[in-house]
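The next block holds one structure in the form of structure tokens; read it before the comments.
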Amino acid sequence: MRKNWPKLFPRKVRVTADVSYDIFFVDKIDEHESLGFCDSDKKQILILLGMSDRETLKTIVHEVLHAIEFENDIPLPHSVVYALDEAIERVLRLNKWA
Ligand SMILES: [Zn+2]
């Protein structure tokens, strides 16, 4: 993971006007051996350390999509979340936004 990632991705993401999620980069995530985890109760996103830049960005996008899903009450099939994380990561990368 690039050293400047914490700058690109501040440790807090605003999901709605009233709700922010704290982002933590962690060594281990117990939930289903996941690469990331979104906790809508604690308003926290966990991202596994040690992934490639691309995988890290995709995982952040994936977990933010879950936060959007929870906070806006937009149920998304998990297959759609995976398809979107891939497509959004591509747009961010191709436009050098990340
Ligand atoms: Zn997911």
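So here's what we get for this one:
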{"quantity": "For the chain, the longest site-free run once trypsin sites (Lys or Arg not before Pro) in DSSP loop states with at most 15 other Cβ atoms within 10 Å are removed", "calculated": "43-95"}
{"quantity": "Antiparallel content of DSSP bridges confined to the chain, in %, to 5", "calculated": "60"}
{"quantity": "Nearest-20 debye value, the chain charge dipole, Cβ charges on Lys, Arg, Asp, Glu", "calculated": "740"}
{"quantity": "Cα shape, the chain, gyration tensor, a/c 1.5 rule", "calculated": "rounded"}
{"quantity": "Ellipticity estimate at 222 nm from DSSP helix runs (n ≥ 4, -39,500 (n - 2.57)) divided over the chain, nearest 500", "calculated": "-13500 deg cm²/dmol"}
{"quantity": "Cut-off 12 Å between beta-carbons: net charge of the residues surrounding Glu86, Lys and Arg +1, Asp and Glu -1", "calculated": "+1"}
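None of the figures in this text is laboratory data; all of them are computed from the coordinates on show. Everything numeric here is computed off the predicted structure, so don't read it as measured data. We place every Cβ from the backbone using ideal geometry, glycine too, and count neighbours over all the protein chains shown.
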